[in-house]
Structure formats: C-alpha cells, structure tokens
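*Asks:* Before I ask anything, here is the structure I am working with.
The values are calculated or read from the model by the stated rules, or taken from the named source; none is laboratory data. These numbers were taken from a predicted model, which means no experiment stands behind them. Neighbour counts are summed over all protein chains in view; Cβ atoms, including those assigned to glycine, are modelled from backbone coordinates with ideal geometry. Heads up: the accessible areas ignore ligands, DNA and RNA and are worked out on the full protein's heavy atoms, side chains in. Shrake-Rupley method; radii C 1.70, N 1.55, O 1.52, S 1.80 Å.
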Amino acid sequence: MTRILYFDASAGVAGDMFVGALLDLGASLDEIRNHVASLGVEGMELRARKVSSHGITGTKFDVLDPASGRPVDDPGEHTHDHGHTHDHGHTHDHGHTHDHGHTHDHGHTHDHGHAHDHGHTHGHAHDHGHHHGDHDHLHDHDQAHLGDRAAVRERVLDPEHTAPEARRAGQHDEQRGLREIRRLIRESRLPAPVAENALGVFELLAAAEAKVHGVSLEEIHFHEVGALDSIADIVAAASAFHQIGPAETWCSPIHVGCGTVRCAHGVLPVPAPATLELLKGIPAYSDGVRGELATPTGVALLRHFCTGFCPMPPLVVEAVGYGAGTKDFGIPNLFRATLGTTVARVATLPAAVSG
C-alpha cells in the first residue's frame, strides 16, 4: 500500500494555509522552528493556534512581526498595497485565515478573501490572507516601490502582502535576490530534502515573476521585510512536508476566486498574473467567491510537491488536517490535507460505524 497525501484546495491555498494544514495533520512546530532558525535570519518568530472558520476547526500558522509581536498578515497590522487586506489567510498565507505573494496565508487575507502568508509590496493587498497567508506573492503587485528604482528594472517581491509601515522604516532598501536566498538555504543546517524543496519553490516563484515582468531571474528581488514571512512560509512548508513524508501527493483542482485586486500598477484580475503563470497545466476554477483565494506562494507549493491534480482517489483515511486563512469569504477559509493509504481491497468499516 502507498501512503498518499491529498490536498483539497476548494477554498484556495496560501503559504500559511499549507503549513497550517500539515501542522494540523501532525507535523511538529518545534521542528519547523528549528529548521527556520537554522537559516540564521533574525526576526522570524513563528506561532500556531487553533481557530474556527464557519464551525470547522483548523490551525492558523502565523509569522509574527518582530516589532509588534502580531501576525504579519493581521489586517490591523498593515495595509496591503493591493488594496486588499490579506488575511493571509483566508483569514488566508492567501485569502484564508495565509502567512504570503503571497497573505498564501502563505490562509489568505488576500482579497482572496483569504487572509493571505503572506505584505506584499505588490501592490496587492494580497490576502495572504487568504486567507493569508503566503505572504505569499512575488507579484507585480509585488512591487511596492518600483518608483525611483524603475530605471534599473528592479522587481521587489513581497510574497504575499505589503509590509507594515512600522517595519518598513530603516529597512526599506535592503533586499534579497534569488542568489541570496539560495546562499541562505545552502549554508543553513537544513536537511537536504528540506533545503532542496524550499529552493525549488523559490525558483518557481522567481521564474513566474520574471516571466510576468519580462526580466531575468537575477533581476527579481525579495524585499527584506516582505521576504521574511515568505522565507518562513516556504521553509516551514518544506519542513512540515518532510515530517509527514508521503510517498505521493495529489491535489484537487484549485479554486482561485474571482474579481479584481488593486495594486501599485492599478486594478488586476484574479488570479493575479504570477499566480496564473504558476497555474499553467493545473486545473483551476472560480465558483463565484469574490477575492483572491489562491496566492502565488500557495500555488507554487502545490505545483512543486504534487504529483497531479484530480478528484480524491480511493484512500483508507488515517488523518485529516485543516490550515486556516485569515479572511471570511462566506465559506470555510480552510485548506484541507488528508493522509491515507491506497486501497488494496474494499475496506471493511469498523463495527462502531458500520451501522
């Protein structure tokens, strides 16, 4: 029998929601903290808490602002450039309750409705918020301050939401490009599989942003502040996935939401350009829920880890976890992870539930 991890993205996905679902499934927050700390980057405090979305309990993964101690995808903590309030979440972290591109919260408070993970400097107020949470965007909206840097075509990637004003002061000009992200991960004490998976997700995000903006990978930069939650979401996701250790990973078609998001460059359609680039070859749909349900970080994580996208295969279910976003879209702002084994023969229900 094969151990299968199956994701349900019917409420979208953000980086923080992805991490929250795997924590709810049994991954260790202490192990995730150790892995993130091994990067040697200050200012990344992590927290997990139980929340309820439309009567269903899930885990909200938060990256905390070092100055205020509040979640970076907290709608009250900052205003996304997107014009959205990423809730990371869904309440994203990516229209749900994310962390990101990502509010991905990486849950998204994206206008995902998610509270996405995710302060973009995008110009979106991505909900990282989903829900987020991922913090999760490297969008054009991703550029929070192209202004005086436009001459050098500098792209600022704030994975899922606009950084809080309090955190911008004195740090606005420090950025990390893909080369620096690679160095941080390779020089860390991360287990090889965690490092390789984290790098793979960052490279997918950077490639999508580069394609959308018509620049090279080396011209893509992660804003110092916005990158913190994005780095935390992605490394945390790689750590949690490594702990669960499925043989195969599958996902449902991805609900992306609908409507528009406001960013530094004006009003853009949902899904945002970078998200749509990452969705190439992946089944996606909108069911009338207004808001950005799927963040770049969340979609990049699914694209990297999943074998394919299809209805739930026959499984003997072992465990179920829910990752919460930040925002309330009128539906449970939850990303679901189901762990089980392939069916070798017709399962016999236990006596207690067979009647």
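*Asks:* For G281, state whether it is modelled with pLDDT of 90 or more, part of a loop (DSSP other than H, G, I, E, B), open to solvent by 10 Å² or more (accessible area, probe 1.4 Å) and within 30 Å of M1 (Cα to Cα).
*Replies:* Against the criterion (modelled with pLDDT of 90 or more, part of a loop (DSSP other than H, G, I, E, B), open to solvent by 10 Å² or more (accessible area, probe 1.4 Å) and within 30 Å of M1 (Cα to Cα)), G281 qualifies.
*Asks:* What pairs can you find where one residue is in segment 28-54 and closer than 30 Å to I331 by Cα, the other is open to solvent by 90 Å² or more (accessible area, probe 1.4 Å), and their Cβ atoms are less than 7 Å apart, with a gap of 6+ or different chains?
*Replies:* Short answer, once both residue conditions are applied: L46/R33.
*Asks:* Considering each of H100, H82 in turn, give the residue that is modelled with pLDDT under 50, crowded, with 20+ Cβ neighbours inside 10 Å, in contact with a Ser or Thr (Cβ under 6 Å, 6 or more places away or on another chain) and in a loop (DSSP other than H, G, I, E, B).
*Replies:* Result of the check over H100, H82: H100.
*Asks:* Separate question: Quick check: anything in segment 230-242 under 17 Å from G323 (Cβ atoms), out of contact with any Lys or Arg (no Cβ under 6 Å at 6 or more places or on another chain), open to solvent by 10 Å² or more (accessible area, probe 1.4 Å) and not polar (S, T, N, Q)?
*Replies:* Yes, segment 230-242 has at least one match.
*Asks:* A further question on this structure: Assuming H108 fulfils every condition listed in (1) modelled with pLDDT of 50 or more; (2) buried (at least 24 other Cβ atoms within 10 Å of the Cβ); (3) not acidic (D, E) apart from one, which condition is it?
*Replies:* (1)
*Asks:* Being touching a strand residue (DSSP E or B) at 6+ places or on another chain (Cβ under 9 Å), modelled with pLDDT of 95 or more and open to solvent by 10 Å² or more (accessible area, probe 1.4 Å) narrows it down to one residue among K50, K60; which is it?
*Replies:* Step by step, each of K50, K60 is checked, and only K50 is touching a strand residue (DSSP E or B) at 6+ places or on another chain (Cβ under 9 Å), modelled with pLDDT of 95 or more and open to solvent by 10 Å² or more (accessible area, probe 1.4 Å).
*Asks:* Considering each of V261, V194 in turn, give the residue that is of a type in the set (V, I, T) and either in contact with a Pro (Cβ under 6 Å, 6 or more places away or on another chain) or modelled with pLDDT of 95 or more (or both).
*Replies:* None of the others qualify; the one that does is V194.
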